[in-house]
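K.L.:
Handing you this structure, nothing more for now.
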Amino acid sequence: MSKVCAICGKGRTSGNNVSHSNRRTKRTFGANVHKTRVEIDGVESTEYVCTRCMRTSRKG
């Protein structure tokens with residue numbers, strides 16, 4: 001599963017795990033995407049969409 005939003009392109013970002021002793025190791029943050037039916041350019045298809053885009057599309 002590709003964790004990239006079909007609408008805005010939001011994907012994986014990187015950061016650090018920080019331990020109690022303040023040691024830092026690399027980690028990744030995945031985008032919160034769900035498989036939903038969306039209409040893009042008049043064509044309805046099933047795509048992975050982030051929850052922020054799902055919320056915004058309900059408003060308008």
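Read-outs throughout are calculated quantities, based only on the coordinates presented, and are distinct from any laboratory measurement. Note that the structure is a prediction, hence the values are computed from the model and not measured. When we count neighbours, we look across all protein chains shown, and the Cβ atoms used for this are built from the backbone with ideal geometry, even at glycine.
K.L.:
For the chain, what is the charge dipole size about the Cα centre, in debye to the nearest 20, if Lys and Arg each add +1 at the Cβ and Asp and Glu each add -1 at the Cβ?
P.N.:
Details: 13 positive and 4 negative charges, 110 e Å.
Around 520 debye, computed over the chain.
K.L.:
In deg cm²/dmol, rounded to 500, what helix-only [θ] at 222 nm does the chain give when every DSSP H run of at least 4 residues adds -39500 (n - 2.57) and the total is split over its residues? Can you show the working numbers first?
P.N.:
Details: 1 runs with 9 residues, N = 60.
My calculation for the chain gives -4000 deg cm²/dmol from helical runs alone.
K.L.:
Using a 10 Å Cβ count of at most 13 others and DSSP loop calls, identify the longest part of the chain lacking such trypsin sites (Lys or Arg not before Pro). Each step should come with its number before you reach the end.
P.N.:
Details: sites that count: Arg12, Arg23.
In short, 24-60.
K.L.:
Can you sort Ser45, Ser21 from fewest to most other Cβ atoms within 10 Å of each residue's own Cβ? Present the calculation step by step, with values, prior to reporting the outcome.
P.N.:
Details: Ser45 9, Ser21 5.
Lowest to highest Cβ neighbour count: Ser21, Ser45.
K.L.:
Provide Val49, Val4, Val18 in ascending order of the number of other Cβ atoms located within 10 Å of each residue's Cβ, fewest first. Before the final figure, lay out each step's value.
P.N.:
Numbers: Val49 23, Val4 16, Val18 11.
In increasing order of surrounding Cβ atoms, one gets Val18, Val4, Val49.
K.L.:
Let me ask something additional. Quick one: what are the phi-derived ³J(HN,Hα) couplings along region 25-35, Karplus 6.51/-1.76/1.60 with θ = phi - 60°, whole Hz, x for glycine and proline?
P.N.:
With coefficients 6.51, -1.76 and 1.60, one gets 10, 5, 8, 10, 10, x, 6, 7, 10, 10, 7 Hz.
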